[in-house]
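Colleague: Have a look at the structure that comes next, please.
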Amino acid sequence: MPSAKIYYDSDADPSLLDNKQVVFLGFGNQGAAQAQNLRDFGIPNERILIANRQDAYAEDAKSKGFIVEHDFVKAAAVADVLFLLIPDQVQPRVFNEQFSPSMKEGATIVIASGYNVFFKLLQFKPQQDVVMVAPRMIGSSVRSLFQKGKGFPCFVSVEQDGSGSGLGTALALSRAIGATKAGAIASSAREETAMDLLAEQALWPNIIMLFREAFSVLKEAGCSDEALCYEMWMSKEPAEIFERAAEDGFIGQLKHHSTVSQFGQLSGALSLDGIAARTHFKDILNNQILNGKFCRDLSKIEADLELDGLQNPLNELYRRAEQTELSQAEKRVRERLADLLSSTTT
Ligand code: NDP
């Protein structure tokens, strides 16, 4: 595979946004951050419209001086550029029913996650541009890095090029929200979805399972709940390790550990062949993610995710996860050591 192209500020022409009406559907994590960045970049406030139901998010947008429209059909009709920044699972319902029918034929739709486009859950008109500008950061960091004059990692792609000039608009928008300052990586909805979902459905589940099993084995060997919780995660050592990995290299960060630790980690990792994990990852990628199985299963329960109590399938999963030995022990430790914990979080 060739190296990915990386786009910088100099590749983007912000004048392509002149006189465009930009609508943000959603003023949550990403919506609030990106709308403020866009305005601070120089897009006039009257050219930015926040579409949001009448509630706390709308109030937040108003308190920050934005113009807010509660009628989605009206907001859709004026959008030259629509940032689709509501949760992925509700996007098909809200966009297809309330936005798509009244949107302009030449509008640009901006997604921050490839999921709904890769799985073809959104209905676009053929003349429209559909571009992905997907920050690899939570919204508060998208905002704070912009305020510090720094960029943030971001993926960019053109998923439908109705105008023939979708890339120019995508790069102009990326620059305006601060994404090309440090370099935005050319990607695709497929690549972003495959990486995101594999991490969520295979990599992190395995990490959760490994912590759970290591906890049980060490507990059986006589270690206390308190010592285990601190040793394994409450000290924040794993967070520091990943921070160092980003700065000094995935393997290079090991040099910050003791020689005993370095020897144990490297010899242990190299002695595991990973074949079972690789087979498992391929199975999840091909037979659960890329073939659309997970997406179909999630679509069936999407409405239930807004229910209260254990009728909500996510709450039921939390209930089961909280019954594990690790979770029960952590609950007891947190109750006993509330003071110590608050001192490590400040
Ligand atoms: P949020 O959960 O923060 O979205 C909240 C916003 O969505 C609010 O404005 C809320 O308004 C609105 N919303 C929620 N439900 C509905 C609904 N049923 N109808 C209409 N509006 C609704 O989303 P994020 O910012 O986290 O995610 C937005 C997009 O950005 C997603 O595609 C996500 O994958 C992507 N992304 C997110 C990142 C993150 O760090 N969170 C990182 C990178 C990409 P109200 O409830 O008032 O209607």
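Colleague: Based on Cβ point charges of +1 for Lys and Arg and -1 for Asp and Glu, what charge dipole magnitude is obtained for the chain about its Cα centre, in debye rounded to the nearest 20?
Modeller: 420 debye
Colleague: How large is the charge dipole for region 6-187, taken about the Cα centre, if only the Cβ atoms of Lys, Arg (+1) and Asp, Glu (-1) carry charge, to the nearest 20 debye?
Modeller: Here the size comes out at about 380 debye.
Colleague: Just need the relative contact order of region 192-344 here, percent rounded to a whole number, with Cα pairs under 8 Å and 6+ apart.
Modeller: Relative contact order, region 192-344: 32 percent.
Colleague: Would you mind calculating the relative contact order of the chain from Cα pairs under 8 angstrom and at least 6 residues apart, reporting the percent as a whole number?
Modeller: Normalised by residue count, the contact order of the chain is 15 percent.
Colleague: Hey, got a sec? Which trypsin sites (Lys or Arg not before Pro) in region 119-205 land in a DSSP loop and have at most 13 other Cβ atoms within 10 Å?
Modeller: The qualifying sites are LYS120, LYS148, LYS150.
Colleague: By how many degrees, between 0 and 90 and to the nearest 10, does the Cα long axis of helix 259-271 differ from the longest principal axis of the chain?
Modeller: 70 degrees
Colleague: Taking the Cα centre of region 20-60 as origin, sum charge times position over the Cβ atoms of Lys and Arg (+1) and Asp and Glu (-1), and report the length of that vector in debye to the nearest 20.
Modeller: The calculation lands at about 220 debye.
Colleague: Could you tell me how many degrees, from 0 to 90 and to the nearest 10, lie between the Cα long axis of helix 237-248 and the main elongation axis, the longest principal axis, of the Cα atoms of the chain?
Modeller: The helix 237-248 is inclined about 60 degrees to the chain.
Colleague: Below 15 angstrom from the Cβ of ASN52, what's the summed charge of the other residues (Lys, Arg +1; Asp, Glu -1)?
Modeller: Once all neighbours under 15 Å are counted, the net charge is -1.
Colleague: Tell me, what % of the accessible area of region 144-283 is carbon and sulfur with a 1.4 angstrom probe?
Modeller: Using a 1.4 Å probe with all protein chains present, region 144-283 comes out at 61 percent carbon and sulfur.
Colleague: Dividing the Cα radius of gyration by the Kirkwood radius, what Rg/Rh value follows for region 122-169?
Modeller: 1.12
Colleague: In addition: By a straight-distance test (C-alpha under 18 Å), which lysines pair with LYS5 as possible cross-link partners, with residues fewer than eight away in the same chain excluded?
Modeller: Counting by Cα, and skipping residues close in sequence, LYS5 has these lysines nearby: LYS181.
Colleague: Also: Among SER15, GLY166, PHE211, whose Cα sits farthest toward the positive end of the charge dipole of the chain (+1 at Cβ of Lys/Arg, -1 at Cβ of Asp/Glu, about the Cα centre)?
Modeller: The listed residue farthest towards the positive side: SER15.
Colleague: Continuing with this model, one more query. Shape call for region 192-344 from the C-alpha gyration tensor, a ≥ b ≥ c root eigenvalues: rounded (a/c under 1.5), prolate (a/b greater than b/c) or oblate?
Modeller: Oblate shape, in that a/c is at least 1.5 and b/c is the bigger or equal ratio.
Colleague: Say we join alpha carbon atoms closer than 10 Å with springs in a Gaussian network model of the chain; which of GLY164, GLY114, GLY26 then has the biggest fluctuation?
Modeller: GLY164
Colleague: Moving to a separate point now. Quick check for you: with a 1.4 Å probe and neighbouring chains kept, what is the accessible area per residue of the chain, in Å²?
Modeller: Normalised by residue count, the accessible surface of the chain is 55 Å².
Colleague: Round to the nearest 10 and give me the degree value, 0 to 90, for the angle of helix 166-176's Cα axis relative to the longest principal axis of the chain.
Modeller: Once rounded, one gets 70 degrees.
Colleague: Run lengths n ≥ 4 of DSSP H only: what is the helix-derived mean residue ellipticity at 222 nm for the chain, with -39500 (n - 2.57) per run over all residues, to the nearest 500?
Modeller: Counting only the DSSP helices, I get -13500 deg cm²/dmol.
Colleague: Counting only C-alpha contacts under 8 Å and six or more residues apart, can you give the relative contact order of region 1-69 as a whole percent?
Modeller: 29 percent
Colleague: Could you tell me whether region 6-187 comes out rounded, prolate or oblate from its Cα gyration tensor? Rule is a ≥ b ≥ c as square roots of the eigenvalues, rounded for a/c under 1.5, then prolate if a/b exceeds b/c, otherwise oblate.
Modeller: Note, shape of region 6-187 comes out rounded.
Colleague: Compare the Cα positions of SER224, SER141, GLY183 along the charge dipole of the chain (+1 at Cβ of Lys, Arg; -1 at Cβ of Asp, Glu; about the Cα centre) and return the one farthest towards the positive end.
Modeller: GLY183
Colleague: With the chain treated as a Gaussian network of Cα nodes joined by springs under 10 Å, which of ASP304, ASP196, ASP55 yields the largest mean-square fluctuation?
Modeller: ASP55
Colleague: Mean-square fluctuation check for the chain, GNM, Cα pairs under 10 Å: which of ALA269, ALA79, ALA35 is largest?
Modeller: ALA269
The values are calculated or read from the model by the stated rules, or taken from the named source; none is laboratory data. Please read all numbers here as calculations on a predicted model, not as lab measurements. As a convention, Cβ positions derive from the backbone with ideal geometry for all residues, glycine included, and neighbour counts pool all protein chains shown. The area values use the complete protein model at the heavy-atom level, side chains included, leaving out ligands, DNA and RNA. Shrake-Rupley method; radii C 1.70, N 1.55, O 1.52, S 1.80 Å.
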